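Everything below concerns the one structure shown next.
FYI, it's all coordinate maths here, none of it is from the lab. Remember, it's a predicted structure, so these values are computed and weren't measured experimentally. Positions of Cβ are backbone-derived with ideal geometry, glycine not excepted, and every protein chain shown enters the neighbour counts.
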Amino acid sequence: MDPIQLFLPTFRIEETLAEIRECLEKGWTGLGFKTVEFEEAWKAYAGLPHAHFLSSASAGLHMAVLLLKEQGSWQNEDEIITTPLTFVSTNHAILYSNLKPVFADIDEYLCLDPASIEERITPRTKAVMFVGLGGNTGRLKDVANLCERRGLKLILDAAHMSGTRWLDGRHVGREADATIFSYQAVKNLPTADSGMICLRDTALDIEARKWSWMGISKDTYSRTTSEGTYKWHYDVEHIGFKENGNSIMAAMGLVALRYLEQDNAYRRQICAWYDMYLAGNELIKCIPMSPDCVSSRHLYQVEVDNRDEVMVALNQAMIYPGVHYRDNTLYRMYSEGYGTCPKSLDASEHIISLPLHMRLTYEQVVYISKTLKGVVSHLSR
Ligand SMILES: Cc1ncc(COP(=O)(O)O)c(C=O)c1O
């Protein structure tokens, strides 16, 4: 039997190669050309006013914090309230800009709990960083209202949320000042490594294009005329970074975007099968999706006792699940926050992400579910 992996990206190979071929034939693989096309396609798909294509979501989170700090004249050591249950990119982004991550606790959706956020607001709080874990919206609407009421900026780490919609059909993202998507290889919209930052404010979108391109006022593509001549003159207004996306990744993204709705529908089907086999088992707690959304279902998460033993037993049955995530306060560099978010710490010890990808079959979901039920029942004796 082949191992059943947590994630396995599916690429539409011929279509992707044809899109990449256009870049190679034109002789344009960098910033511009397909990156512009992909930004337009993403804006049309997600209904967001701005989209700037970057090398990763980590770069997008970096840009979001940096730009909002600049715009709001925040001081070093000002605070951003954030979740400990995330990939470290989320929290590293706060530190890159010399701001302080203040951890708040999570709710039953494994997302930030607005009541816990409220408790941790101080005069130095400038923003909230919300992570839509696994594509879940959790209590994002309440958090957006809270931010508005308390004059805080909202950054949405939507790395897992490509395709998550509210019940009225609108894509998530409009509620935040900055929304950042990941198109890394195992995400719902797979490339190899890339991401998108969608800013509410037009002025910040213009700034993002400079900051992610070395502070240069006009990128090389927009300095190239339709006749192919090249305007060499540009200004550099401030320092910047090399965090832009490129046309090869955009070509991959354009093809993946054509299949995103169809792929997410199959993800939801897989989750419905898991629900059918696992819901109601008293030893397995399925993490609920917020009733507010139709989720992208990047993850299917459960909580069990004896998690580490369960993982080993599943591995012996050729099933390789994951953990999203270890509470960041367990890492040395974030240990100052240890003990401040007991629900997150508890979840971190019990959660498992079950295999979820486009090549997973109904038979495999049945096999995984039955094996999991057998293992937890055996270990509970
Ligand atoms: C919640 C979360 N935020 C941010 C990132 C960073 O995304 P990228 O790999 O595109 O930088 C990830 C990637 O795994 C993630 O899971």
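Would you mind checking the tilt of helix 247-258 against the longest principal axis of the Cα atoms of the chain, expressed as 0 to 90 degrees and rounded to 10? The answer is roughly 50 degrees.
Taking a straight Cα-Cα cut-off under 16 Å and skipping sequence neighbours fewer than 8 places away in the same chain, the lysines within cross-link reach of Lys126 are Lys69, Lys100, Lys153. Segment 32-88 and segment 96-110 have Cα centres spaced 17 Å apart. For the peptides 333-342, 240-249, the ranking by packing is 240-249, 333-342, with the highest mean count of neighbouring Cβ atoms within 10 Å listed first. Net charge dipole, segment 298-372: roughly 240 debye, given to the nearest 20, about the Cα centre with Cβ charges of +1 for Lys and Arg and -1 for Asp and Glu. Note on the chain: dipole from Cβ charges, positive end direction compared against Phe87, Leu260, Thr29; the farthest Cα belongs to Thr29.
Candidate cross-link partners of Lys34 among the lysines, defined by an alpha-carbon separation under 21 Å and a same-chain spacing of 8 or more, comprise Lys26, Lys43, Lys187, Lys210, Lys218, Lys231, Lys242.
When both bridge partners sit in segment 7-132, DSSP labels roughly 10% of those beta bridges antiparallel. Close amide H pairs (under 5 Å, H built 1.01 Å from N) link Leu85 with Asn328, residues at least 5 positions away or on another chain. Taken about its Cα centre, segment 186-273 carries a charge dipole of about 220 debye when Lys and Arg each add +1 at the Cβ and Asp and Glu each add -1 at the Cβ. Quick note on the chain: its Rg to Rh ratio, both from C-alpha atoms and Rh being the Kirkwood radius, is 0.99. A straight line joining the Cα centroids of segment 315-364 and segment 132-186 runs 21 Å.
Projecting the Cα atoms of Leu146, Pro288, Ala251 onto the charge dipole of the chain, computed from C-beta unit charges around the Cα centre, puts Ala251 farthest toward the positive end. Placing +1 on the Cβ of every Lys and Arg and -1 on the Cβ of every Asp and Glu, with no other charges, gives the chain a dipole of roughly 260 debye about its Cα centre. Phi angles of segment 173-180 translate, via the Karplus equation with coefficients 6.51, -1.76, 1.60 and θ = phi - 60°, into HN-Hα couplings of x, 5, 6, 10, 6, 9, 10, 10 Hz per residue; Gly and Pro are given as x.
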